[in-house]
């Protein structure tokens, strides 16, 4: 079965059918570089990082373009406030963007063009639109004429007549129609400026993505992505510009991710609930943020809370704990004489792990379903390891080792389990112990005391030690061969 994607344009799931066999061309709207990245930026970057990784895992070649808006009203205003050039401000926050993306383990796109490096391409596109009667000059500005593009509104599902009825023209604008949008702005004193056939000025926001996607991906390409807040007006205007110029459908499938809320409120600086990526990573491992984001389907709203992050951390610990348990298995003690402990049902589930993972992910990149399959496999593995005899059967050993490698491979599509399990859990233990009035040596001594008590059938003493450690947030895990401990506090 082919991968199914939800296409915003047609409002339904459709089979992924690339224009060129085996090759996906993808364009995603990147950041406007004037501030540090917040959790909404993280969701966008992580969603498309996952999509690209999954497409490549499924055998597709992917050309992935993500732009930087490095000239914009917000950039101009912030640069003036800080007394620096727009170039310096944008360059600084692009560098800071990479710091955040690298900490999250996000792979770099194929190309990351900047708007200011493509002014000529934008001018060329605007001239084409003017020549076709789809744009007009008004003073030193140039506007797109929405009445010249009959399909305007098809992406967002809005009706142009209804939009026009409620629209107003600002005092400083000279538009033919209130819904017309700017392609080129005449520069105000002190603003960055470029020469153009219409006088010195700078591009409007919408034209940059049409120009850059056309340059690197052609008049038509497979997927265009971004947040739901970009559907209108940004992506609607891209459709009008690109298709107005070429006469061709610009994008086969539009993919939009949902909003991020905090305590069910839309994230905003005015509400005081604005969280940057680096603020979150001061308290949580980057993979915890990844697991939190991928636990919800990318199109659904995502509500950030401490409780949800704690749940994600516990889930990540379970996956790493499973990997560590498999890593600790040794083939030196295998014996064909013992019974096979894997039931037919569990064995079948582990053997079909990849097939079931693909089924979930092929359904519009449903990471929640994909993670569910991985956690189910981890549960089976943990149960098997607890039941393993001192001399396990080779078939059980092989099944556990192969499944562990497969879980790591599939989790890697979401950027999870990138560390060695021993290192991850060791660092976590160190962090937890820093907040407890007990050392690891003391924990190990108590574990040995408990082992001795149980050997002497002093069950009360054994239970007392277990409860003592549990009260400190230390949970003991027994298997046939050993007892390990796990910190349960964040």
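Bear in mind these aren't lab numbers, they're just calculated from the coordinates by the rules spelled out. Predicted model only: the values in this text are computed from it and were never measured. Here the Cβ is made from the backbone with ideal geometry for all residues, glycine too, and neighbour counts use every protein chain on show.
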Worksheet item: How far, in degrees from 0 to 90, does helix 86-104 lean away from the longest principal axis of the Cα atoms of the chain, to the nearest 10?
Response: 20
Worksheet item: Looking at (1) -0.37, -0.73; (2) -0.26, -0.59; (3) -0.68, -0.84, which value of log10 I(q)/I(0) by the Debye sum over Cα atoms at q = 0.06, 0.09 Å⁻¹ comes from a calculation on the structure shown?
Response: (1)
Discussion item. What number results when the radius of gyration of segment 303-418, computed over Cα atoms, is divided by 2.2 N^0.38 Å?
Written reply: 1.14
Worksheet item: Given 0.36 nm per residue, what is the gain on full extension from residue 87 to residue 248 after removing their alpha carbon distance, in nm?
Response: 54.5 nm
Worksheet item: By counting other Cβ atoms within 10 Å of each Cβ, how are 97, 274 ranked from fewest to most?
Response: 274, 97
Discussion item. How large is log10 of I(q)/I(0) for segment 1-116 at q = 0.10, 0.11, 0.14, 0.17 Å⁻¹ when the intensity is taken from the Debye formula with one equal scatterer per alpha-carbon?
Written reply: -0.38, -0.45, -0.68, -0.89
Response to the item:
Rounded to the nearest 10, the angle in degrees between the Cα long axis of helix 421-433 and the longest principal axis of the Cα atoms of the chain comes to 80
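Sort 260, 84 so that the residue with the fewest other Cβ atoms within 10 Å of its own Cβ comes first and the one with the most comes last.
Values: 260 22, 84 14.
With the sparsest Cβ surroundings first, the list reads 84, 260.
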Fill in: Cβ crowding within 10 Å averaged over residues, with 39-46, 364-371 ranked highest first
39-46, 364-371
Fill in: Between 0 and 90°, nearest 10: helix 353-362 axis offset from the chain longest Cα axis
20
Practice prompt. Using only the Cα atoms, work out Rg/Rh for segment 350-448, with Rh taken as the Kirkwood radius, to two decimals.
Written response: 1.07
Fill in: Normalised contact order of segment 303-418, rounded percent, pairs of Cα under 8 Å and 6 or more residues apart
38
Discussion item. Taking 0.36 nm per residue of sequence separation and subtracting the Cα-Cα distance, how much length would be gained by fully extending the chain between residue 21 and residue 442, in nm to one decimal?
Written reply: 145.5 nm
Worksheet entry | Mean Cβ count within 10 Å, highest first, over the residues of peptides 139-146, 382-389 | 139-146, 382-389
Response to the item:
Put in order of increasing Cβ neighbours within 10 Å, starting from the fewest, 236, 127 give 127, 236
Worksheet item: Which whole-number percent gives the relative contact order of segment 4-282, counting Cα pairs below 8 Å spaced six or more residues apart?
Response: 24
Practice prompt. Find the relative contact order for the chain and round it to a whole percent, using C-alpha pairs within less than 8 Å whose residues are 6+ positions apart.
Written response: 15
Practice prompt. With just the Cα atoms of segment 429-487, tell me how far they stretch along each of the three principal axes, in Å, largest first.
Written response: 34, 21, 15
